[in-house]
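Contents: one structure, followed by commentary.
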Amino acid sequence: MQLFKRVDQLQSFLNAERVNNRSVGFIPTMGALHAGHLSLVKRSLSENQITVASIFVNPTQFNETSDLDRYPRTPGKDLQKLAKVGCNVAFLPEVEDMYPPGHNTELKIDLSGLDARMEGAQRPGHFDGVAQVVKRFLDIVQPENLYMGQKDYQQQLIVKQMIRVLDLPYRVVTVQTAREEDGLAMSSRNVLLDTEARQKAAILYQTLQEAKKRLIKGELPKDIETWAMKAMTQPGFRPEYFSIVDGYSLQPLPDQEELAELVVACTAVWAGEVRLIDNLPLRGNM
């Protein structure tokens, strides 16, 4: 596996590979890699000649400095995991390489309201930072295919919208959420959970599954949302939202008669001091 820390070195390598028409797949990560990240790498390896995975804790998408400081960083273990699954290239840039002085990387684009609800409402400016860093990575790597996880459902929709608006020549491949044995969505933040919170954290997926059953039985989405918020309000757990939305526009669906082709339930919960997110399609397929 090749390791690069500088933009110019990575681009020189990729340009040499493109002379031979070798396709490139790209997985942007913030490190603390788990099986979910590695499933993206494996998918890319099966579809491209060169797979690039980045590790970069992006400061522009954190609302709180304390959250940025607490984000787990395990670069040594991450590189071992990438090498073990056969990743071709690891890219570990510094902040000054991603956001060089005098180089304006800010984006002002129409996200069609996708950034206004759920995560966007709870974390103002978060998706501006996500769009900024993904666009910067795409400019650097110029992959044929970009791989993202379903767990960050709203994020992958926003990246797809950014690519449409800017008419960029990249395909976004969304890969199904990887889960622990008890159903908890794999996340870099899971390692921050204390023992009690980790034992209870399966309630997120259990609630999502029950929401799907209730929707199939004909219960109104707004009533399911109310039930879910109460179900997840337990000692040590504080749900921020549980939203049943159109899977393409993220608009709310108050009535069964207004159900979209793709219906997704999205939720965010504070488990002690750790914020967890998850989602589940309730109707239709991604």
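The values are calculated or read from the model by the stated rules, or taken from the named source; none is laboratory data. In this text, all values refer to a predicted model and were calculated from it rather than measured experimentally. Using ideal geometry, Cβ is built from the backbone for each residue, glycine included, and neighbour counts are taken over all protein chains shown.
Do the conditions hold for Thr60, that is, is it among the hydroxyl-bearing types (Ser, Thr, Tyr) and surrounded by 20 or more Cβ atoms within 10 Å (Cβ to Cβ)? Spelling it out, it is not the case that Thr60 is among the hydroxyl-bearing types (Ser, Thr, Tyr) and surrounded by 20 or more Cβ atoms within 10 Å (Cβ to Cβ). Anything in the range 96-145 that is within 17 Å of Gln9 (Cβ to Cβ), outside any loop (DSSP other than H, G, I, E, B) and either hydroxyl-bearing (Ser, Thr, Tyr) or out of contact with any strand residue (DSSP E or B) (no Cβ under 9 Å at 6 or more places or on another chain) (or both)? List them, or say none. Result: Glu96, Asp97, Met98, Arg136, Asp139. Condition check for Asp194 on (1) under 23 Å from Trp270 (Cβ atoms); (2) of a type outside the set (A, V, I, L, M, F, W, C); (3) surrounded by fewer than 17 Cβ atoms within 10 Å (Cβ to Cβ); (4) at pLDDT 95 or above: one failure, at (4). Only one of the listed residues (Glu106, Glu94) is surrounded by fewer than 21 Cβ atoms within 10 Å (Cβ to Cβ), within 22 Å of Gln155 (Cα to Cα) and charged (D, E, K, R). That residue is Glu106. For first residues located in the range 199-215 and touching a residue at least 12 places away in the same chain (Cβ under 8 Å), partners that are surrounded by fewer than 22 Cβ atoms within 10 Å (Cβ to Cβ) and acidic (Asp, Glu) and lie 6+ apart or on another chain with Cβ distances below 7 Å form the pairs Ala202/Asp182.
Here's the yes/no breakdown for (1) within 19 Å of Val274 (Cα to Cα); (2) assigned to a strand (DSSP E or B); (3) charged (D, E, K, R):
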| residue | (1), (2), (3) |
| --- | --- |
| Leu204 | yes, no, no |
| Leu215 | no, no, no |
| Thr226 | no, no, no |
| Arg238 | yes, yes, yes |
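Scanning the range 31-82 for residues that are in a helix (DSSP H, G or I), touching a residue at least 24 places away in the same chain (Cβ under 8 Å) and small (Gly, Ala, Ser) yields Ala35, Gly36, Ser39, Ser44.
Across the range 157-180, not a single residue is classified as over 13 Å from the mean Cα position of the chain (by Cα), closer than 19 Å to Pro28 by Cβ, surrounded by fewer than 18 Cβ atoms within 10 Å (Cβ to Cβ) and among the acidic types (Asp, Glu).
Among residues of the range 103-125 that are without any contact (Cβ under 8 Å) to a residue 24 or more places away in the chain, none has a Cβ under 6 angstrom from a residue that is in a loop (DSSP other than H, G, I, E, B) and crowded, with 18+ Cβ neighbours inside 10 Å at a sequence gap of 6+ or on a separate chain.
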